[in-house]
Amino acid sequence: MPEAPDLEVVREFIEDRAVGARVERAEEVRPGVLRSLCGDMPSDAPGRELTGIERCGKFLTLRLSGDRRLVVNPMLAGAFQYCAPGDRRFKRTYFTITLSNGREIRYLDDRQMGRAYYLSENQLDQAPGLLEQGPDVLSGHSLDEFRERLRPFRGEIKGVITRGRVVAGVGNAYADEVLFEAGIYPFRKVKALNEDELKRLHRKLPEVIERAIEVLRERMGERMHVKLRDFLLVHNKGGSPCPRCGNTISQLTANRRITSYCRRCQPGMLLRN
Ligand SMILES: [Zn+2]
């Protein structure tokens, strides 16, 4: 699942290379992902300039001149590709935007779970989930705000921080990384966290994401559709030694989601098996 680090590096990459270019052609290759709410993207977008690209949480928004936005929520399996228009298309390509700089932005999705909304600024509330997100993980929100936003939640900390209401942009993989670095057992109840743990969690959230962005920026290049996760410390590393204490990393799957953690560095009662 693309999370804040993946999307942020895609954002930077496209911003550096494509902002200022014009849309020459837009094509909906397969139905099921794109929703045009303001004109029909394939006929409406050509001629408009790509004026910016923004990320908020797990959404990426392309801004086009004349009050048009393409808001993309890649969900579990969506990915972007930046390539030459003549490059072979992956089977699961849903739409393409060909630019005047001789490159093409494509959206791929192995599961067709992602959504893209083509709309105008006053329709942003029609992109489900976009405006309901909490502050972005890199927005510099204060410890007080973090504490306040956690207050209504009673569940397990990992589930709460991946939901996007307290902090946006952290998904299943980076939640494991953040909780490992903060020394917090992923299934601790939010209400059971003490002040020190809250402070560590609040500090580690942007730290872990920033560090991942630096790694991805070095390694991703133009192959932005390839998911890079091999450098993570604990996520999906079940059975390997913990990089901090050498104990074996534990891993379990609940609701088809993997959770990896170190029992020694992240002590807590095992509430499920
Ligand atoms: Zn450990």
* Tell me, yes or no, whether segment 187-194 has at least one residue that is touching a residue at least 12 places away in the same chain (Cβ under 8 Å) and surrounded by fewer than 17 Cβ atoms within 10 Å (Cβ to Cβ). => yes
* Conditions (1) away from the ligand (no atom under 16 Å from the Cβ); (2) farther than 16 Å from GLN133 by Cβ; (3) touching a Gly at 6+ places or on another chain (Cβ under 9 Å): number failed by ALA173 -> (3)
* Where in segment 48-89 are the strands (runs of 3 or more DSSP E), entirely inside, with at least 3 residues that are under 20 Å from GLN112 (Cα atoms)? -> 59-64, 68-73, 78-83
* Structure fact -> In segment 217-247, residues that are in contact with a Leu (Cβ under 9 Å, 6 or more places away or on another chain) and within 11 Å of the ligand (Cβ to nearest atom) total 4
* Matching residues, segment 248-258, being away from the ligand (no atom under 15 Å from the Cβ) and either in contact (Cβ under 8 Å) with a residue 12 or more places away in the chain or of a type outside the set (D, E, K, R) (or both) -> LEU252, THR253, ALA254, ASN255, ARG257, ILE258
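Identify all residues within segment 1-44 that are part of a helix (DSSP H, G or I), in contact with a helix residue (DSSP H, G or I) (Cβ under 8 Å, 6 or more places away or on another chain) and surrounded by fewer than 22 Cβ atoms within 10 Å (Cβ to Cβ); write none if there are none. Can you show your working first?
Just the residues of segment 1-44 that are part of a helix (DSSP H, G or I), to begin with: 4-18, 41-44.
Add one more test, that the residue is in contact with a helix residue (DSSP H, G or I) (Cβ under 8 Å, 6 or more places away or on another chain), and what stays is 4-6, 8-9, 12.
Once the filter is applied, which keeps residues that are part of a helix (DSSP H, G or I), in contact with a helix residue (DSSP H, G or I) (Cβ under 8 Å, 6 or more places away or on another chain) and surrounded by fewer than 22 Cβ atoms within 10 Å (Cβ to Cβ), segment 1-44 yields only GLU12.
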* Read through the list (1) touching a residue at least 40 places away in the same chain (Cβ under 8 Å); (2) within 13 Å of the ligand (Cβ to nearest atom); (3) more than 23 Å from the chain's Cα centre (by Cα), then give the number of the only condition that ILE184 fails. => (3)
* Read through the list (1) under 23 Å from ARG30 (Cα atoms); (2) at pLDDT below 95, then give the number of the only condition that HIS141 fails. => (1)
* Asked: When you scan segment 94-125, how many residues do you find that are under 19 Å from the mean Cα position of the chain (by Cα) and of a type in the set (D, E, K, R)?
  -> 5
* Can you tell me which residue among GLY86, GLY47, GLY52, GLY66 is surrounded by fewer than 17 Cβ atoms within 10 Å (Cβ to Cβ) and within 15 Å of ILE14 (Cα to Cα)? => GLY52
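The values are calculated or read from the model by the stated rules, or taken from the named source; none is laboratory data. What you see is a predicted model, and the numbers here were worked out from it, not measured in a lab. Quick reminder, even Gly has a Cβ in these numbers, built from the backbone with ideal geometry, and neighbours come from all protein chains shown.
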